[in-house]
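First up is the structure itself, then whatever we jot down about it.
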């Protein structure tokens, strides 16, 4: 049952660790870190595709957990989901800043240096435009919004296998189009 969706369930131990963290217990924060750092790192790495930046995000996540543990609400989700939400938000913020920095530096560069990037951007836009609407939407959700395939399936109301096939097919079509 490799494609099964894991449903979040209550985690009383992690909830207790968050309460202790909110009370200033550094050891509890350390235990939360031990339990969830690799999960946060994997999520950040999937979004940022940069090991050093993903590690920085994990540090930011647990600093935020330390400062805001009292804001965790078990009625709204599990500690795992809360920490993943923080990690995803932090990673997407970094990704947006990275894109903004690239745009700022491109605006300062001389036009001759910007032409190849413009050609590359045009090639990517053309390749993406060649995808079917369903493929394009799945790729946009995965790469621009940082959603997992399971999250995309839930958002679009489609079976997970369908989403996996769409993304795989889209990536093969993009690769072919960009290698020409």
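Would the chain count as rounded, prolate or oblate if I go by the C-alpha gyration tensor, calling it rounded below 1.5 in a/c and otherwise prolate when a/b exceeds b/c, oblate otherwise? Show your work: numbers first, answer last.
Working: a/c = 3.22, a/b = 1.56, b/c = 2.07.
Since a/c reaches 1.5 but b/c is at least a/b, the shape of the chain is classed as oblate.
Rounded, prolate or oblate, given the Cα gyration tensor of region 12-96, with a/c below 1.5 counting as rounded? It comes out prolate by the Cα gyration axes. Packing, taken as the mean count of other beta carbons within 10 Å per residue, orders the peptides 167-175, 81-89 from highest to lowest as 81-89, 167-175.
Please give the calculated 222 nm ellipticity per residue for the chain, where each DSSP H segment of at least 4 residues contributes -39500 (n - 2.57) and the sum is spread over every residue; nearest 500 deg cm²/dmol? Show your work: numbers first, answer last.
Details: 8 runs with 140 residues, N = 180.
Theoretical 222 nm ellipticity from helices: -26000 deg cm²/dmol.
The numbers here are math on the coordinates, done by the rules we state, and not lab data. Everything numeric in this text was worked out from a predicted model, so none of it was measured. Virtual Cβ from ideal backbone geometry, glycine too; neighbours counted across all protein chains shown.
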